[in-house]
Amino acid sequence: MRPGNAVSAARALAHDLLVRPRDPARETEALLGLAGWAAQFTPAVALELPDALVLEVSGSLKLFGGVDLIRASLREGCARMGFTVLVACAPTARGAAWLARAGVERYIGRADALPAALAALPVRIAVRAADTLEALHAIGARTVGDLAALPRDGLARRLGQQLLDDLDRAYGRLADPRAFYVPPAEFHARLELPAEVTQAESLLFAARRLFVQLEGFLAARAGGVRRLELRLFHRAAAATVVPIGLVAPSRAASHFTLLARERLGTVVLPEPVRALALAATDVVPLAGGNIALFADESGSPEDWPKLVERLRARLGSVAVHGVAVAEAHRPEHASQVREPMPAQEKGKRETGRVGLRPFWLLAAPRPLEEIGAEPHCGGPLKLLAGPERIESGWWDGDDVARDYFVAQTADHALVWVYRARGAATGWFLHGLFA
Amino acid sequence: MGLADPTVPLAALLTRPDIRRGDALARVASASVPTGFAALDAELPGGGWPTGCLTELLPAHEGIGELRILGPALATLSRKGKRLAWISPPHLPYAPALDAAGIALARLLIVRTAAARDALWAAEQALASAACGAVLVWPGAVKYAELRRLQLAAEKTRALAMLFRPSRAAAEASPAALRLALATAAGALAVQILKRRGAVCERPVIVDLDSRTDALLPRVPRAVDRAPPSQSPVRSAHPQPCDA
């Protein structure tokens, strides 16, 4: 089976062939997505419609370690996004595009080697119009070399100046200015799935392609994102929105994939998924990472936000937090839940010393039995230290008037108890020294 | 291979960390964090809480000192800028107390989980991430296979991996390299080393946690003997504390 076969002929060869109409709009969309991704290698990316991209990489060779490494990265990245690409390099943009279209994956570094390489290409690569192509075939011009050998004035008169200009641009005899692709400020990409998908693992496989595309897009802008939105489209039901939040800006596709794995594992799908779209709207600047000179034993600084994100992706943001000391006398107000990564880390102690405080504070004080005016907690309590009087909070209706003691239980555990004064009385257990 | 090679002297072989001798404490290849209690350090292989393996703490009752015994080690790690993860703690860790114990709150992560499975998962993530200096886990009921998974995760890290389990778990087999049962004895903490690398520890180690507690009590008078009754109106209602 070859390109150009009739559908009926192809069906005769393979009876279970799946035929789909070509969608040029979607092809262009994919090409634009690839252009955004490829902008990480050079700011000069131009579209060569309908099916090619031209990258001006001579300024990027040093940074990326040579043309071979760039070609390898291009191929590998496109493969991860699910595209098969042919990569050719030549001193002229059109020359490289022609070589790639002809499937000649060569690297032509010198301008004087270019004419020979181009001359071997079939003439259909250089000429798109069918009638022109037919006319050239009729006069025996089979290769680009044949075309270039024809008398120029006759060629221009019969087949138009355009053909001659194209040839000159490919050979580098005529300037070939391009309008470079300008990536949009926001990232939006959509991927149609070849079949309806119900499993999170298959969704993740598809989503990874979008993440790779996003990574290139962000690398080109030297940016990162704190928030992603993955939309899963169904046949009839409304799209399922899967937000992915990050603690610190990131652009690593592998990191996005990890987070998406946890999130997709918890999503309940109303229907199978037919397509998915990824959106990243707030791109923030993100400097590239420096590689540590010595192996750091505490791990890399990104490990911490990554851990927090992974835990939050599965357990929810409320379940993962830090604590802080608050300036409050009421014990239940002196410890506050806060974000796990405060912006500035204080090295010194956060408060001055108050009385002895327990490691565990009970969520709600537990009333204690009082036998003979003594508090009991599975046995009589031995008061070791106290009282520390705390009276506070009259202004917000949650006022406390308590005398706190450090006490020892019958089994020698240290506990923090108080005797309520005022309206409510009695003994309460409030903390464990553990 | 070393074992089959006749030229390797026996003494050299015996220094291998994976050889366990019945008559001495094992040599430990990974670093240890001193516990802050000399009596306990002397009995632990490596002279402190071992990193890179699972340590189980089995307190007889909740609140007898299972955190205070870790306090100095956690403070040491905190001072070095290490991060601490507390996974599925049974109560709210109280910030003023942590702060007073020298634990940097900015580098503390608390993970609350609904299911035991989530706690184990979170512990594995925390150990695997290399971001934490110590991971404290209250896993609830766990199976041997799950502990084995945690032990394997712990072996890949340089973090302290502390597991808090009820004392009845002492009867169950565990892959943890160090298992300590905590009980009280005459006001101090009696630490029975159930399992360690090296010789069996016959007698419990007595750790006096209260000497440290007392150091934190400058502003709270010791009501029983020091505070005069006239200044302490509540004390008068309790003429003698019950001697347990």
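The values are calculated or read from the model by the stated rules, or taken from the named source; none is laboratory data. Nothing here was measured: the structure is a model prediction, and the numbers come from that model. Ideal geometry is used to build each Cβ from the backbone, glycine not excepted, and the neighbour counts take in all protein chains shown.
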> When you scan the stretch A:392-434, how many residues do you find that are part of a strand (DSSP E or B) and free of Cβ contacts under 8 Å to residues at least 40 places away in the same chain?
Replying inline: 7
> What do you reckon, is A:Phe205 without any contact (Cβ under 8 Å) to a residue 12 or more places away in the chain and not hydroxyl-bearing (Ser, Thr, Tyr)?
Replying inline: yes
>> Of everything in the stretch A:165-196, what is farther than 23 Å from A:Glu48 by Cβ and surrounded by fewer than 17 Cβ atoms within 10 Å (Cβ to Cβ)? Give them in sequence order.
In response: A:Ala185, A:Glu186, A:Glu192, A:Pro194, A:Ala195, A:Glu196
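Look at the stretch A:358-376 and say how many of its residues are surrounded by fewer than 18 Cβ atoms within 10 Å (Cβ to Cβ) and either among the β-branched types (Val, Ile, Thr) or in contact with a Ser or Thr (Cβ under 8 Å, 6 or more places away or on another chain) (or both). Steps first, answer last, please.
Here is the first cut: in the stretch A:358-376, the residues surrounded by fewer than 18 Cβ atoms within 10 Å (Cβ to Cβ) are A:363-364, A:366-367, A:369-373, A:376.
Retained after the next criterion (residues that are either among the β-branched types (Val, Ile, Thr) or in contact with a Ser or Thr (Cβ under 8 Å, 6 or more places away or on another chain) (or both)): A:371.
Total satisfying the criteria: 1.
So which strands (runs of 3 or more DSSP E) stay within the stretch B:166-223 end to end and still have 3 or more residues that are over 22 Å from A:Leu414 (Cβ atoms) and at pLDDT 75 or above?
Details: elements: B:178-185, B:188-195, B:205-207.
Here the list reads B:188-195.
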> Considering the stretch A:409-426 alone, what residues qualify as being under 13 Å from A:Pro380 (Cβ atoms), at pLDDT 85 or above and more than 7 Å from chain B (Cβ to nearest Cβ)?
Replying inline: A:Val417
> Taking A:Val308, is it within 12 Å of chain B (Cβ to nearest Cβ), modelled with pLDDT of 80 or more and out of contact with any helix residue (DSSP H, G or I) (no Cβ under 7 Å at 6 or more places or on another chain)?
Replying inline: yes
> Among the residues of the stretch A:377-396, which ones are surrounded by fewer than 19 Cβ atoms within 10 Å (Cβ to Cβ) and basic (Lys, Arg)?
Replying inline: A:Arg389
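Return yes when B:Arg165 is more than 14 Å from every other protein chain (Cβ to nearest Cβ), in contact (Cβ under 8 Å) with a residue 40 or more places away in the chain, out of contact with any Gly (no Cβ under 8 Å at 6 or more places or on another chain) and among the basic types (Lys, Arg) and no when it is not.
Details: more than 14 Å from every other protein chain (Cβ to nearest Cβ): yes; in contact (Cβ under 8 Å) with a residue 40 or more places away in the chain: yes; out of contact with any Gly (no Cβ under 8 Å at 6 or more places or on another chain): yes; among the basic types (Lys, Arg): yes.
Criteria met by B:Arg165.
For every residue, the table says whether it meets (1) more than 13 Å from A:His321 (Cβ to Cβ); (2) surrounded by fewer than 19 Cβ atoms within 10 Å (Cβ to Cβ); (3) polar (S, T, N, Q).
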site	(1), (2), (3)
B:Leu67	yes, no, no
B:Ala95	no, no, no
B:Ile103	yes, no, no
B:Leu108	no, no, no
B:Thr113	no, no, yes
B:Ala116	yes, yes, no
>> Looking only at the stretch B:128-141, filter to residues that are more than 18 Å from the chain's Cα centre (by Cα) and not in a helix (DSSP H, G or I); which one of those is nearest to B:Leu74 (Cα to Cα)?
In response: B:Ala131
> In the stretch B:171-194, what residues are in contact (Cβ under 8 Å) with a residue 24 or more places away in the chain and either farther than 16 Å from B:Leu54 by Cα or among the charged types (D, E, K, R) (or both)?
Replying inline: B:Glu172, B:Arg179, B:Leu182, B:Ala183, B:Thr184, B:Leu189, B:Val191
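Taking only the stretch A:79-101 into account, find how many residues are in a helix (DSSP H, G or I), free of Cβ contacts under 8 Å to residues at least 60 places away in the same chain and crowded, with 20+ Cβ neighbours inside 10 Å. Reasoning before the result, please.
At the first step, the residues of the stretch A:79-101 found to be in a helix (DSSP H, G or I) are A:79-80, A:93-101.
Now narrow it down to the ones that are free of Cβ contacts under 8 Å to residues at least 60 places away in the same chain: A:79, A:96-97, A:99-101.
From the residues that got through so far, the ones that are crowded, with 20+ Cβ neighbours inside 10 Å too are A:96-97, A:99-100.
Residues in the stretch A:79-101 being in a helix (DSSP H, G or I), free of Cβ contacts under 8 Å to residues at least 60 places away in the same chain and crowded, with 20+ Cβ neighbours inside 10 Å: 4 in total.
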> Among the residues of the stretch B:150-162 satisfying the criterion of being crowded, with 17+ Cβ neighbours inside 10 Å and outside any strand (DSSP E or B), which is farthest from the other protein chains (Cβ to nearest Cβ)?
Replying inline: B:Gln151
> Does the stretch A:124-181 hold any residues that are among the charged types (D, E, K, R), assigned to a helix (DSSP H, G or I) and over 45 Å from the mean Cα position of the chain (by Cα), and which are they?
Replying inline: A:Asp131, A:Glu134, A:Asp146, A:Arg152, A:Asp153, A:Arg157, A:Arg158
>> Cβ contacts < 6 Å: first residue in a loop (DSSP other than H, G, I, E, B), restricted to the stretch A:356-385; second residue surrounded by fewer than 23 Cβ atoms within 10 Å (Cβ to Cβ) and basic (Lys, Arg), any location; separation 6+ or different chain. Result?
In response: none
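Could you list all residues from the stretch B:47-100 that are acidic (Asp, Glu) and more than 7 Å from chain A (Cβ to nearest Cβ)?
Initially, the stretch B:47-100 is screened for residues acidic (Asp, Glu), giving B:56, B:62, B:66, B:99.
Passing the criteria: only B:Glu56.
What about A:Arg226, is it over 23 Å from A:Leu63 (Cβ atoms) and part of a helix (DSSP H, G or I)?
Numbers: over 23 Å from A:Leu63 (Cβ atoms): yes; part of a helix (DSSP H, G or I): no.
Criteria not met by A:Arg226.
Can you pull out every residue in the stretch B:82-107 that is without any contact (Cβ under 8 Å) to a residue 24 or more places away in the chain and of a type outside the set (D, E, K, R)? Spell out how you get there, then give the answer.
We begin by selecting, within the stretch B:82-107, every residue without any contact (Cβ under 8 Å) to a residue 24 or more places away in the chain; these are B:91-99, B:105-106.
Listed by number, the residues that qualify are B:His91, B:Leu92, B:Pro93, B:Tyr94, B:Ala95, B:Pro96, B:Ala97, B:Leu98, B:Leu105, B:Ala106.
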> Has the stretch A:168-181 got any residue that is among the charged types (D, E, K, R), touching a helix residue (DSSP H, G or I) at 6+ places or on another chain (Cβ under 6 Å) and modelled with pLDDT of 85 or more?
Replying inline: yes
